[in-house]
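The values are calculated or read from the model by the stated rules, or taken from the named source; none is laboratory data. No experiment lies behind these values; they were computed from the predicted model shown. So basically every Cβ, Gly included, is an ideal-geometry build from the backbone, and we count neighbours across all protein chains shown. Please note that ligands, DNA and RNA were not included when accessible areas were found on the heavy atoms of the full protein model with its side chains. Shrake-Rupley method; radii C 1.70, N 1.55, O 1.52, S 1.80 Å.
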Amino acid sequence: VQLVQSGGGLVRPGGSLRLSCRNIGRFFSLSTMAWYRQVPGKQREWLAQIFTDGVTDYADSVKGRFTISRDNAESTLYLQMNNLEPEDTAVYYCRDEPRNTWGQGTQVTVSL
């Protein structure tokens with residue numbers, strides 16, 4: 001399993017971004033997938049997960065602003081991020097939970 005991320009970049013406060021994470025491999029539809037983020041000097045923070053049946057769960061810090069989704073036909077995981085705040089600035093990672101496989105990370109910067 002290899003996870004290739006895209007998206008991210010620089011956005012103003014209140015703006016939106018969508019991150020993508022494509023599974024170059026097999027069994028995407030069989031895996032619980034998740035998004036994390038990390039700020040330098042801090043532990044990696046769990047943000048959201050989506051189970052194989054589409055059920056989702058979110059950290060309080062992003063609930064109501066971020067939406068995790070998956071397209072099993074395209075073997076792709078998404079994170080729609082709305083109403084972004086400067087505190088959301090971090091490197092974002094996707095993860096195949098049962099296989100403990102991480103994407104390469106993508107920088108999100110929220111700033112004027």
Exercise for review: Report the residue, chosen from Asn72, Asn100, Asn83, that carries the largest GNM mean-square fluctuation when the chain is represented by alpha-carbon nodes joined by springs under 10 Å.
Suggested key: Asn100
Study note, to complete from the structure: Mean separation of Cα contacts under 8 Å (at least 6 apart) over the residue count of the chain, i.e. the relative contact order in percent, is 37
Exercise for review: Please state the charge dipole magnitude for the stretch 37-97, taken about the Cα centre, from unit charges on C-beta atoms (+1 on K and R, -1 on D and E), reported in debye and rounded to the nearest 20.
Suggested key: 180
Exercise for review: Report, in debye and to the nearest 20, how large the dipole of the chain comes out about its Cα centre when Lys and Arg carry +1 and Asp and Glu carry -1 on their Cβ.
Suggested key: 220
Point to revise | Cα-projected label distance for Ser16 with Thr56, points at 7 Å along beta-carbon direction, nm | key: 1.2
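Keeping the other protein chains in place, figure out the carbon and sulfur percent of the accessible area of the chain, with a 1.4 Å probe.
Details: 2770 of 5910 Å².
The value for the chain is 47 percent carbon and sulfur by accessible area.
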Point to revise | Largest-first ordering by accessible area, 1.4 Å probe, given options Lys42, Lys63 | key: Lys42, Lys63
Review point. Out of Val55, Val11, Val91, any idea which swings most in a Gaussian network model of the chain, alpha carbons joined below 10 Å?
Key: Val55
Practice item. Note down, for the chain, the three equivalent ellipsoid semi-axes (square root of 5 times each alpha carbon gyration tensor eigenvalue), biggest first, whole angstrom. Key: 22, 14, 13
Point to revise | Difference of contour (0.36 nm per residue) and Cα-Cα distance, Ser69 to Arg44 | key: 6.9 nm
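Could you tally the net charge around Pro98, taking each other residue with its Cβ under 15 Å from the Cβ of Pro98, Lys/Arg +1 and Asp/Glu -1?
+1
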Point to revise | Accessible area, probe 1.4 Å, largest first, for residues Ile68, Ile24 | key: Ile24, Ile68
